[in-house]
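Worksheet: the structure to be examined is printed underneath.
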Amino acid sequence: MARTDFSQTDCDVLIVGAGPAGLTLAIDMARRGVSALLIEKRATPALASKGKGIQPRSLEVFHNLGVIDNVMAEGRPYPRLRFHEAGSVPSDFDMMAIKEPTRAVPYPNTIMLPQWALENILRARLAALGGRVQFGTSLVWLEPRADHVRVTVEEADGTRIVTAKYVVGADGGHSTVRQLSGIALIGDSPNLDGMIVADVMVDGLDRDFWHFWKSQAGRAVGLCPLTATEHFQLTASISPEEQPDLTLHALNALLEEAEVDPAVHFQHVDWVSVFRPNIRMAETFRKDRVFIVGDAAHVHPSAGAQGMNTSVQDAFNLGWKLAAVLGGAEAALLDTFEEERFPVAADVLERSGKLYRDGVARGSTSMRRGDDEQQLLLNYRGTSLCAGEGSDTLQPGDRMPDGMVTDGSGMERRLFDVMSGPHATLLCAGVPSVTAGNGTRIVLSDADEFGVTGYISIRPDMYVGSISPHS
Ligand SMILES: Cc1cc2nc3c(=O)[nH]c(=O)nc-3n(C[C@H](O)[C@H](O)[C@H](O)COP(=O)(O)OP(=O)(O)OC[C@H]3O[C@@H](n4cnc5c(N)ncnc54)[C@H](O)[C@@H]3O)c2cc1C
């Protein structure tokens, strides 16, 4: 019989769910010295490829978190797409134009890495910072109190109470934290085709292309060679009513139906799931001391590789604010999480919904991707943390570009390296250096480097806070 152990654990931040959002937040908390607990209901790490497209803005976040070298070493640019049609020569094209890195944008391309591989990298970083994932631990109940939240967690041998000053639900689309907090998920589940998604070992197929076929009946079948592994990710469309058979035999039959070369077949299936499109968003991202981030706050179709990226960036937006408020900053700073991230999520939802609908309606041409999906243009202009005026090239609320700066010891350095870590940065662009407290790093550049003259305060999440002629 399960033990009921009411021993109590206190922490400042309880993070529920160790997917990309929860891991990002846990790393940020660990490097800021915030006492945080990261719980995960799974007994062991997930092994699914799921979100395999890492967008340039997330790569910049990973630079800041100290994992970019591992991500770039294991990840690869997307392969060309190849569309096979029975009796004709296949047609090939690039999903997105491959760009050269520039001084301002060092990571211009979307990188492919299976989600499990990214999660491995994030867990290793968390461990290096002294943190860990507490697997086999589910949040099952929460009670908000005036100055903390009382949470019940279930483990293999019983239940336990955890009290935390803040709870962050990073617990995915079916979020228990969201449901227990009474936050409604608004939107729809359109009556569109869904998808079988699987990680499969394939015989008889080259790994140079992301291959696509269409059956006579209109079923789209894709096989994408996954980096960091010998698997392919299989996607096969299913009608809204279809209840697909997910056995190896049935999946091989899909290849036959799509008239794929008979030499190609699946050896075995390591993960398989059915995905049905949902376009939904929580009515609010916060209820008092409880926040929701990532898929818990917004559920997207997979088209456009936005879900995992938006999740990581939600967590990165919230981390420094939680740490600042726990360290004595005005609690109102936490209101800016929803102010900044709600419109972003709404926009991403609209875009990925449209891409998915177009994909169902038009097929191959709708696979082309551009700047909108890369999330580098995303900004918080006009929100309450912005102050001062910029120029045409750089304004408060913008993503801070990379560039060359001079640090206090007179050394030339990349701004992205200077910004890496939990601190804020003050850039004196064409103006004299000053001193600043709170661990803020001071660097200098000439006025031309960023197209602005003045003191540019850069938030810990690498967005411009204020631009002013005086410090
Ligand atoms: C086929 C497919 C392809 C995709 N492709 C892309 C892509 O290319 N790019 C992209 O950006 N996104 C993509 N996505 C979406 C992406 O996988 C998700 O957006 C991402 O996983 C969300 O991360 P998260 O951390 O918010 O939640 P999740 O990854 O869902 O993690 C939530 C975690 O919380 C745990 N949990 C749940 N309830 C509890 C509880 N009560 N207590 C403790 N733990 C709990 C779960 O076990 C899970 O580990 C794809 C998704 C699918 C299905």
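The values are calculated or read from the model by the stated rules, or taken from the named source; none is laboratory data. Note that this is a predicted model, so its numbers are computed, not measured. Positions of Cβ are backbone-derived with ideal geometry, glycine not excepted, and every protein chain shown enters the neighbour counts. Side chains included, ligands, DNA and RNA excluded: accessible areas come from the protein's heavy atoms. Shrake-Rupley method; radii C 1.70, N 1.55, O 1.52, S 1.80 Å.
For the range 419-471, give me every one of the strands (runs of 3 or more DSSP E) that falls completely inside it and has 1 or more residues that are open to solvent by 10 Å² or more (accessible area, probe 1.4 Å) and closer than 17 Å to Glu389 by Cα. It would help to see each step written out before you state the result.
Details: elements: 425-429, 441-445, 454-458, 464-468.
Qualifying strands (runs of 3 or more DSSP E): 425-429, 454-458, 464-468.
To keep it simple, each residue is scored yes or no on (1) charged (D, E, K, R); (2) out of contact with any strand residue (DSSP E or B) (no Cβ under 6 Å at 6 or more places or on another chain).
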site: Thr383; (1), (2): no, yes
site: Gly388; (1), (2): no, no
site: Thr393; (1), (2): no, yes
site: Asp407; (1), (2): yes, no
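The condition of being within 14 Å of the ligand (Cβ to nearest atom), surrounded by 18 or more Cβ atoms within 10 Å (Cβ to Cβ) and either of a type outside the set (Phe, Trp, Tyr) or in a strand (DSSP E or B) (or both) holds for only one of Val202, Val197, that being Val197.
Thr163 passes every criterion in (1) more than 20 Å from Cys11 (Cα to Cα); (2) away from the ligand (no atom under 14 Å from the Cβ); (3) open to solvent by less than 30 Å² (accessible area, probe 1.4 Å); (4) hydroxyl-bearing (Ser, Thr, Tyr) apart from (1). When you scan the range 109-128, do you find a residue that is open to solvent by 10 Å² or more (accessible area, probe 1.4 Å) and farther than 29 Å from Pro56 by Cβ, even just one? No, because not a single residue in the range 109-128 is open to solvent by 10 Å² or more (accessible area, probe 1.4 Å) and farther than 29 Å from Pro56 by Cβ.
For the range 168-184, the criterion of being loosely packed, with under 14 Cβ neighbours inside 10 Å, more than 30 Å from Asp69 (Cβ to Cβ), at pLDDT 95 or above and away from the ligand (no atom under 12 Å from the Cβ) is satisfied by at least one residue. State whether one or more residues within the range 53-66 are farther than 30 Å from Glu449 by Cβ and in the same structural domain as Thr9 (by TED's automatic domain parsing). Within the range 53-66, one or more residues are farther than 30 Å from Glu449 by Cβ and in the same structural domain as Thr9 (by TED's automatic domain parsing). Looking only at the range 404-415, residues that are closer than 20 Å to Pro56 by Cβ and either hydrophobic (A, V, I, L, M, F, W, C) or surrounded by 18 or more Cβ atoms within 10 Å (Cβ to Cβ) (or both) come to 2 in all.
Of all residues in the range 256-303, count the ones that are within 11 Å of the ligand (Cβ to nearest atom) and either of a type in the set (Gly, Ala, Ser) or over 14 Å from Arg178 (Cβ atoms) (or both).
Within the range 256-303, the subset within 11 Å of the ligand (Cβ to nearest atom) is 271-278, 292-303.
Still in the list and also either of a type in the set (Gly, Ala, Ser) or over 14 Å from Arg178 (Cβ atoms) (or both): 271-277, 294, 296-297, 300-303.
Adding up the residues that qualify gives 14.
Here Glu241 meets the list (1) more than 27 Å from the chain's Cα centre (by Cα); (2) in contact (Cβ under 8 Å) with a residue 12 or more places away in the chain; (3) within 19 Å of Leu192 (Cα to Cα); (4) open to solvent by 50 Å² or more (accessible area, probe 1.4 Å) almost entirely, failing just condition (2).
Residue check: Ser189 meets all listed conditions (1) closer than 25 Å to Phe275 by Cα; (2) at pLDDT 95 or above but one, namely (2). Cβ separations smaller than 7 Å between residues 6+ apart or across chains give the following pairs from the range 155-171 residues that are under 27 Å from Val325 (Cα atoms) to residues that are more than 11 Å from the ligand (Cβ to nearest atom) and part of a loop (DSSP other than H, G, I, E, B): Thr163/His148; Ala164/His148; Lys165/His148; Lys165/Arg289; Tyr166/Arg289; Val167/Arg289.
Take the range 80-99 and flag every residue that is within 16 Å of the ligand (Cβ to nearest atom) and closer than 29 Å to Ala315 by Cα.
Step one: list which residues in the range 80-99 are within 16 Å of the ligand (Cβ to nearest atom), which gives 81, 95-96.
Answer for the range 80-99, where residues must be within 16 Å of the ligand (Cβ to nearest atom) and closer than 29 Å to Ala315 by Cα: Met95, Met96.
Tallying residues that are of a type in the set (A, V, I, L, M) and more than 31 Å from the chain's Cα centre (by Cα) within the range 400-416 yields 1. Of all residues in the range 219-230, at least one satisfies being more than 29 Å from the chain's Cα centre (by Cα) and open to solvent by 20 Å² or more (accessible area, probe 1.4 Å). The range 20-75 holds helices (runs of 4 or more DSSP H) entirely within its bounds, and those carrying 1 or more residues that are basic (Lys, Arg) and away from the ligand (no atom under 13 Å from the Cβ) map to 20-31. Determine, yes or no, whether Thr102 is outside the structural domain of Thr425 (by TED's automatic domain parsing), within 16 Å of the ligand (Cβ to nearest atom), part of a loop (DSSP other than H, G, I, E, B) and surrounded by fewer than 18 Cβ atoms within 10 Å (Cβ to Cβ). It is false that Thr102 is outside the structural domain of Thr425 (by TED's automatic domain parsing), within 16 Å of the ligand (Cβ to nearest atom), part of a loop (DSSP other than H, G, I, E, B) and surrounded by fewer than 18 Cβ atoms within 10 Å (Cβ to Cβ). Could you go through the range 252-265 and let me know if any residue there is among the small types (Gly, Ala, Ser), more than 30 Å from the chain's Cα centre (by Cα) and loosely packed, with under 13 Cβ neighbours inside 10 Å. Yes, there is a match, as at least one residue in the range 252-265 is among the small types (Gly, Ala, Ser), more than 30 Å from the chain's Cα centre (by Cα) and loosely packed, with under 13 Cβ neighbours inside 10 Å.
For the range 266-314, residues that are crowded, with 20+ Cβ neighbours inside 10 Å, in contact with a strand residue (DSSP E or B) (Cβ under 6 Å, 6 or more places away or on another chain) and among the hydroxyl-bearing types (Ser, Thr, Tyr) total 0.
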